[in-house]
1. So which of 190, 174 ends up being under 28 Å from residue 359 (Cα atoms) and modelled with pLDDT under 95?
2. Considering only region 370-390, state which residues are under 21 Å from residue 468 (Cα atoms) and free of Cβ contacts under 8 Å to residues at least 24 places away in the same chain.
3. Being in contact with a helix residue (DSSP H, G or I) (Cβ under 8 Å, 6 or more places away or on another chain) and touching a residue at least 60 places away in the same chain (Cβ under 8 Å) narrows it down to one residue among 44, 76, 21; which is it?
4. Is it the case that residue 459 is assigned by TED's automatic domain parsing to the domain that holds residue 425, touching a residue at least 60 places away in the same chain (Cβ under 8 Å), under 30 Å from residue 205 (Cβ atoms) and touching a helix residue (DSSP H, G or I) at 6+ places or on another chain (Cβ under 6 Å)?
5. Looking only at region 193-213, how many residues end up being assigned to a loop (DSSP other than H, G, I, E, B) and either touching a strand residue (DSSP E or B) at 6+ places or on another chain (Cβ under 7 Å) or touching a residue at least 60 places away in the same chain (Cβ under 8 Å) (or both)?
6. Could you please find all residues in region 519-533 being at pLDDT 95 or above and either in a loop (DSSP other than H, G, I, E, B) or in contact with a strand residue (DSSP E or B) (Cβ under 9 Å, 6 or more places away or on another chain) (or both)?
7. Can you tell me which condition residue 162 does not meet? The list is (1) surrounded by fewer than 17 Cβ atoms within 10 Å (Cβ to Cβ); (2) more than 30 Å from residue 349 (Cβ to Cβ); (3) touching a helix residue (DSSP H, G or I) at 6+ places or on another chain (Cβ under 6 Å), and all the others hold.
8. Check region 277-287 and report whether any residue there is within 19 Å of residue 168 (Cα to Cα), part of a loop (DSSP other than H, G, I, E, B) and either touching a residue at least 40 places away in the same chain (Cβ under 8 Å) or outside the structural domain of residue 136 (by TED's automatic domain parsing) (or both).
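The values are calculated or read from the model by the stated rules, or taken from the named source; none is laboratory data. All values derive from a computational prediction rather than experimental measurement. We place every Cβ from the backbone using ideal geometry, glycine too, and count neighbours over all the protein chains shown.
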C-alpha cells in the first residue's frame, strides 16, 4: 500500500494531499520518521571528526525532515477536524514522540559534542547561529542529558507519561464540551436573544439533527451571547454552571485527577533537572525569568483592578435594583447586566454593531492593514484541496510579486474542532539547505451562519490570530527551529496583540466595517461609541484573566514534596487574592487547556506580559502615524522577520530604542488613578 505521507507531494505548493491521507497512514509514517532521524543522530554521534557547528549543530538542525513534514499534518487535524480514530492515533503517538525526542536530546554522547562547541564556540558565528547553538544546548540540559543514566531515564519516562496525560486532558475537554447542549423548544425561552444569535442556534440544532429547535453549547461563541442577552436567569445559570464545570462532572471526562497527575509529574521532572518547581523550570527559559517577576507584574495590576471591579459590581447591582429585582449579583448575571449598563451608559447595542462586521469583510480588513503596513497582498486560490470545505487558502506575495507563502483560514465552529482560536504552521520558513516558504493557518470558532456577523471580541480575535499569522509568514531566518513564532512564550503574543489596535482604528474601521446589506461604512457615531467603551468592563476582564494567571502559578509552584489537590489549589488561589465571588477565573483547572495541554504551563501570564510590550510598541505607530512606512518596516525587520534568532528584549529595544513602559497598558485598561 502506498503511503502518501512517505511520498514526495506532487501537489500545488507541495501541500499535504489530505484527500489521499488515511488514518492508517500516520503510525507507519511516524515510525519511519523516528527511524530516519535516529539514524541521522547516530551518524552525528559516531562521526570521528572533531565536533563543530557544521557537522554537529547544523546536522542536528537538518535531521528529522520526515517528522517535520508529517507531524504538522496530524497536528492540524487533531486540533481542527478530529474524530475518534484520530484521537486514538494521537494517544498512541504522543508518548512515542516524547520517547523519540528524549532519546535524542537526552543522548549523553551527543550532549558531549554539543557541550564542547558551547564551551568553545567559533568566533565567526552569527547571532542566529549563537541562538541555535544555545537553544540545542539548553534543550539537552532540560531533557536530562547532563544527568546520570538512571536519572535521565526517569526524565524520559516522565516525558512519555506527561505526553499521554496532556493528550488525554485535551480529549476530555473536547468530549465534555461536545456532550453538553441546551436544547430549547419553547420560543419564550429565547426571550432577549438577538435575531443573529437565535439564527445561529437554529443552525446548530440542524447540524446536530434537531428539527424546529434551538441549541446552545458552552463554546465561547455560543455561551457569551446567551449570557449577555438571555432574560431567562435560570437558563443563564444552567449555561454558566455547565461551562465552569466542563470536564469536572461525574463521568469519564473528568480532568481533576488528570490535572493533579500532570502537575505532580512536572514537579518530579523539575526536581530531577535541578529546579525547585515546574514554574522555576519553565520560567528559566522565558523573558520573565522567575515566578517573583511574574507575580510582581500581576500584583502591580491586581490592586488597581480590584478598585475598578468593585465599582463595576456596584453599577451592576444598581442595574438589578433599578429593574425592580432584589437578588444579589451572581456570576451568571454579570454579562447580562453589563450589556444593560453598556446600552444605558453609552447607548451602544452590540447587535447594532454586528451588521457592520461580516466575517469576509473583517478578514479583508485585516489583509488590507497588512498591505498598507508591509506592501504584501493576499490572493485567494479557488478550489484548493484542503482538509475541510470551510478552509480558504490564499497566496501571499510581496509588492514585487514574489511569493511569501500560503495563508489558510478555518473560521467556523464545529464539533470536530477544539475550542478557542490559534495559529499554526504546516511548514515553517527557512533558508538553510534551500529556500522554504511557510504555510500558515489561522483557526477560530465563529458560528456558521449566513451571513456570519461578528461581535467586537470576535473581530479582535480574528485580528489577533492574523498577527500570529504575519509572524509566521514574514519570518526571514536561516534555521526553521528559530522561525516565526519559535520565540519565548512571553514574547510570542506581541505581534498578535499589537494587531488588535488596528481593528478599532477609526480610519481602518471606515475601510472594512460596512453594513452587510447596504454596503454603507460604519457611521462615525458608532465608531465613537465603540472607542468610548474600550475601558468599559475592564475590571471584570482583567480580574478573570489575572485570576487564571495566579491559578496557573499556584499549580506549578508546587514542589515535589507538596500534596496537590485540585480543589485546594483553586480555593487557596481564590483566598490568597481575595477574588470577588461574582467572578470566576477565566479558566478553571479542569478545562484550563492552555496550561495542561497547550504549552502555557506557568506561562499564562504571557498575554499580559506581552501586552506591556505591545501597548508600549503601538505608541511608536501612534506617534509616527499608524501606517507610517518607516515604523512599519522597522517593526517588520526587527520583530516579525527575526523569529527567535536574537534575544527578545534585544529585538524589542532595536524597535523602540528602550525597555518597555507599563503606563500604556495601565491606560489602555483604564487602571490609572484618576
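1. Values: 190 fails: modelled with pLDDT under 95.
Criteria check complete, one pass: 174.
2. 371, 377, 379, 380
3. Result of the check over 44, 76, 21: 44.
4. On the way: assigned by TED's automatic domain parsing to the domain that holds residue 425: yes; touching a residue at least 60 places away in the same chain (Cβ under 8 Å): yes; under 30 Å from residue 205 (Cβ atoms): yes; touching a helix residue (DSSP H, G or I) at 6+ places or on another chain (Cβ under 6 Å): yes.
Yes, satisfied.
5. Final tally of qualifying residues: 4.
6. 519, 520, 521, 522, 523
7. Result: residue 162 fails condition (1) only.
8. Narrowing region 277-287 to residues within 19 Å of residue 168 (Cα to Cα): none.
No - not one qualifying residue is present in region 277-287.
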